[in-house]
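K.L.:
Please read through the structure below; I'll follow up with questions.
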Amino acid sequence: MAYPRCCTCIHHGWLLILLTTCLLLLTTLQASGSVLTRNFHLVNQSRSYSIFFLRTFSELSGLALAATLSATLERLKWAMVMLSGAKGGRGARTALGFVEFLALDEATTGLGLLKLLFSPSVSSFRAKMCSLARLALMIVVPVTGILIMSRVDVQPAFSPVSMASPYSGYGLQPMNASTALEYFGFTDIIFGSKFSAFLSGPSRSVDLTPESQREKPCGLNVGGADRSGCHREYFFPGDAMYIMPEILTDPRYPDAPVFFADDHRGLYLEFDAGDLNIVFNSTTDCRVYSGRYMGYQIGAVRLCVVNKDSNVLYAGLVKCPGEISIQQQCLTNLTWHQDPSWLIKMSTSFQYASVAYSRMNSSILWHSFNTSRPSTPAAVLSTDILKAYDSLLFDTTTLLHQNNTPLPLFSGSSFPTMLWLSIPDFTEDNANNPEVASTLFSVMQSLLSMPLYYCQTGMLRRLVPGLTYGDVSLNEAVSDFLSPVPPRLTHVSFAYQRFETVANSATLIAYVAVSGAAVLFCIVVRVAVGILAVQRRGYERMPDLSSFGAVNLFTHCTVEHGEQRVVVYQGQPDAVAKFEQNSVLLGWLSSLGIRWTGSRRSMDEEEMQSFNWTWNHGGHAGGRYGAPGNGSSSPSLQTLQPHVQSPEIPLAGHGGPKRGPYWGVAI
Ligand SMILES: *[C@@H]1O[C@H](CO)[C@@H](O)[C@H](O)[C@H]1NC(C)=O
Ligand SMILES: *[C@@H]1O[C@H](CO)[C@@H](O)[C@H](O)[C@H]1NC(C)=O
Ligand SMILES: *[C@@H]1O[C@H](CO)[C@@H](O)[C@H](O)[C@H]1NC(C)=O
Ligand SMILES: *[C@@H]1O[C@H](CO)[C@@H](O)[C@H](O)[C@H]1NC(C)=O
Ligand SMILES: *[C@@H]1O[C@H](CO)[C@@H](O)[C@H](O)[C@H]1NC(C)=O
């Protein structure tokens, strides 16, 4: 009586474990930046697709994990049944508790497991442990599914186009005040009327002010003491036109929508309210700037800047009041220099980052700081700021207005007049007015950061196209009056945008830990069962169990009761032994019928007989099973004949009480 070898069933579980491990790995990879679908352009273009793929992978691994767990529990269950039937090392043959079987059986519902776990009638510790383990394993799959999707972020990422000749751009340079002279005649154009919006321009800077601080109006209260806790932060990588001038006009890769700058040096600017205790030296730290409009000298502003640290500047701005201005005496009656100023503090540092610029409108789409290169202080001298403004605005104090001579009738820049018009007087009302105060704060931010940005070496020369006319290149020709361009250290390329799913690292670790533990459990159980099976003599391998748990039960198992091992139910192993091929077994299974036995109460004795079961109630009312071990109500089943309904498949003639469990295993 040899059982057919069935390699597939034996390796089935290991295959499942392998499949689950692979899927878990793939899910983890997909969750850490859509690694798997990185090269699928179509998939990456949409946020919802990236989520969809992660979800698909996680569901598939959940499914595989569930199948693996269930296969492992099946294996464990049958192994326990079988090993209990085997002649153990101690020579004892002890049946497995039926509740333990039920606890491991897949057909037992969650409620059934809870009953097994908590019911006092179930005394088997092993059964309770098995129920607990199965309950725990039941929630592992949903838990992993929830974990992986719980804190997933869809983040933009960029795939640079690899070009034959890599293009390099310019990182931001330290300020060079001398280059301000190059803007002769350009000042009003670059400063423009949107002066106060300089730092909020989406094409050159990113406002990184935390939301909580952005709510606070940034002004100064009377006395220069800021009580609002004003703070602003900007990452300032600069305009694409100054960073990567040539690539902007490069017609290649028209479908790549992004310019991607890697390892690009930008500025990190922080602004706070100024400090009333800062004292400006009026000769070294302050300048008065004025302009003429239609020949009239109206208005003037006084800018004071001083270094607190090499990269920390304090600045104050005060305007010539109306009553002096109306007499055109701003440059002669200097009493207004003592008026309270609007104050600001700026800290500057260099910060390396990757920056993505839109090819469509040049705005900054994305940035990411290079964490391996911490920000470094960017030294800015207050005297450099003033020197730059002297060149940009024709300082009326030092350059053209020495010795109180009248201002020329048509001075170069009208910007000081614009500035004078746009800034409010310092009054208590204005200082407490959020609109006025925050506009003024923006103006002062721009006043301090603009020379920093525009006065870099070779700023204007970068814009000169590298054209050659005859022997003379245009770029060479301007070298007499434009400063040389700095070294190109920023890597720039065309890029495609994609979206990545990035799970929070803590949840990812939890996911790997939980699902890994479940897989490990399966491996350990399988190995342990394998070793145990080998140790028990005669049970080198599991018998061929069908994938139908119910069929296995009614063919292979004998259910017995009590010390006397009264057979309650006798399996028919020979029934299946005949079916070496699955198709034959399935054919046989299809020929079987199943009928509801009906409740015991509704059956009369005759009916009972027709079922060929002989129940001896032994005088006990109801004759129902009591709790095991409870002597008085212990079942008094004496004889039970197995139910043989199918004449074609006779019971192999070995059934009977006290025979002990029979296992259709080739021995
Ligand atoms: C600053 O610019 C001037 C010309 O505008 C140039 O001669 C000088 O070398 C530059 N300084 C630095 C440090 O680049
Ligand atoms: C970050 O900086 C390092 C040099 O410190 C550089 O090698 C690396 O490429 C940079 N990373 C990015 C993403 O730019
Ligand atoms: C301002 O600076 C000048 C030049 O350094 C110096 O002579 C003068 O004493 C300073 N004034 C004050 C008030 O510190
Ligand atoms: C200067 O302006 C102030 C304030 O308007 C005024 O009181 C003072 O008389 C003016 N001085 C001269 C010399 O005009
Ligand atoms: C610039 O273009 C990008 C798409 O490339 C778009 O998302 C963004 O809103 C645009 N910005 C402005 C200011 O138009």
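Derivation of every value follows stated rules applied to the coordinates shown; laboratory data play no part. Nothing here was measured: the structure is a model prediction, and the numbers come from that model. Every residue, glycine among them, receives a Cβ derived from its backbone with ideal geometry; neighbour counts consider all protein chains shown.
K.L.:
Arrange THR20, THR284 by Cβ neighbour counts within 10 Å, fewest through most, would you?
P.N.:
Least crowded to most crowded, the residues run THR284, THR20.
K.L.:
Calculate one ³J(HN,Hα) per residue across the range 238-245 by plugging θ = phi - 60° into the Karplus curve 6.51 cos²θ - 1.76 cosθ + 1.60, and present them in order as whole Hz with x for glycine and proline.
P.N.:
x, 6, 4, 5, 8, 8, 9, x
K.L.:
Still on this structure, I have one more. Given a Förster distance of 60 angstrom, what is the FRET efficiency for ILE531 paired with ASP480, based on the Cβ-Cβ distance and rounded to 0.05?
P.N.:
0.10
K.L.:
Taking the Cα centre of the range 115-247 as origin and charging only Cβ (+1 Lys, Arg; -1 Asp, Glu), how large is the dipole, in debye to the nearest 20?
P.N.:
1340 debye
K.L.:
Something else about it: Does the range 21-66 come out rounded, prolate or oblate by the C-alpha gyration tensor, with a ≥ b ≥ c the root eigenvalues, rounded set by a/c under 1.5 and, if not, prolate when a/b is larger than b/c and oblate if not?
P.N.:
Prolate shape, in that a/c is at least 1.5 and a/b is the bigger ratio.
K.L.:
Sort 33-40, 251-258 by packing, meaning the average of other beta carbons within 10 Å per residue, with the highest value first.
P.N.:
33-40, 251-258
K.L.:
Using modelled backbone amide H atoms (1.01 Å from N, in-plane), which distant-in-sequence or interchain residues come within less than 5 Å of HIS491's amide H?
P.N.:
GLY169, ASP262
K.L.:
Assuming 0.36 nm per residue, please report the length gained on full extension of the stretch LEU63 to LEU589 beyond their Cα-Cα distance.
P.N.:
Working it through step by step, the gained length comes to 186.6 nm.
K.L.:
Kindly write out, for the range 134-149 in residue order, the coupling ³J(HN,Hα) from the Karplus curve 6.51 cos²θ - 1.76 cosθ + 1.60 (θ = phi - 60°), rounded to whole Hz, with x marking Gly and Pro.
P.N.:
5, 4, 5, 5, 4, 8, 4, 5, x, 4, 5, x, 5, 4, 5, 9
K.L.:
May I pose another question? Amide H to amide H under 5 Å from VAL566: which residues, 5+ apart in sequence or cross-chain, H placed 1.01 Å off N in plane?
P.N.:
HIS561
K.L.:
Further question on the same structure: If I stretch the segment between VAL279 and GLU435 completely, what's the gain in nm (0.36 nm per residue apart, minus their alpha carbon distance), one decimal?
P.N.:
Additional length available on full extension: 53.4 nm.
K.L.:
Picking from ILE278, GLY295, GLY322, whose Cα lies most toward the positive end of the charge dipole for the range 263-347 (charges on Cβ: Lys, Arg +1; Asp, Glu -1)?
P.N.:
GLY295
K.L.:
Tell me whether the range 340-379 comes out rounded, prolate or oblate; compute the Cα gyration tensor, take square roots of the eigenvalues as a ≥ b ≥ c, and use a/c under 1.5 as the rounded threshold.
P.N.:
It comes out oblate by the Cα gyration axes.
K.L.:
Next question. How large is the dipole of the range 431-512 about the Cα centre if only Lys and Arg carry +1 and Asp and Glu carry -1, each at its Cβ, rounded to the nearest 20 debye?
P.N.:
Computed charge dipole of the range 431-512: roughly 180 debye.
K.L.:
For ARG373, enumerate residues with amide H under 5 Å from its amide H, sequence gap 5+ or separate chain, H modeled in the peptide plane.
P.N.:
Close amide H contacts, sequence-distant or interchain: none at all.
K.L.:
Explain nothing, just compute: Karplus ³J(HN,Hα) = 6.51 cos²θ - 1.76 cosθ + 1.60, θ = phi - 60°, for every residue of the range 28-42 in order, whole Hz, x for Gly and Pro.
P.N.:
4, 5, 5, 6, 9, x, 6, 4, 6, 9, 4, 9, 9, 4, 4
K.L.:
Holding the Cα-Cα limit at 23 Å, pick out from LYS194/LYS319; LYS345/LYS387; LYS216/LYS387; LYS194/LYS308 the pairs that are longer than that.
P.N.:
Table pairs above 23 Å Cα-Cα are LYS216/LYS387; LYS194/LYS308.
K.L.:
Computed FRET efficiency, Cβ-Cβ of THR376 and ARG38, R0 30 Å: what is it to the nearest 0.05?
P.N.:
0.35
K.L.:
Hey, another quick one. Taking the Cα centre of the range 128-268 as the origin and placing charges on Cβ (Lys, Arg +1; Asp, Glu -1), which of PRO245, GLY266, MET129 is farthest toward the positive end of the dipole?
P.N.:
MET129
K.L.:
Between ILE509 and GLN155, what is 0.36 nm times their sequence separation minus the Cα-Cα distance? Round to one decimal in nm.
P.N.:
Result for the pair: 125.5 nm of gain on full extension.
K.L.:
If you take the square roots of the eigenvalues of the alpha-carbon gyration tensor of the range 478-539 and sort them as a ≥ b ≥ c, do you get rounded (a/c under 1.5), prolate (a/b over b/c) or oblate?
P.N.:
Cα axes put the range 478-539 in the prolate bin.
K.L.:
Still on this structure: Rounded to the nearest whole Å³, what is the per residue volume of the convex hull around the Cα atoms of the range 416-477?
P.N.:
It comes to 108 Å³ per residue, whole-number rounded.
K.L.:
Placing +1 on the Cβ of each Lys and Arg and -1 on the Cβ of each Asp and Glu in the range 106-228, which of PRO174, GLN155, PHE191 has its Cα farthest towards the positive end of the resulting dipole?
P.N.:
The listed residue farthest towards the positive side: GLN155.
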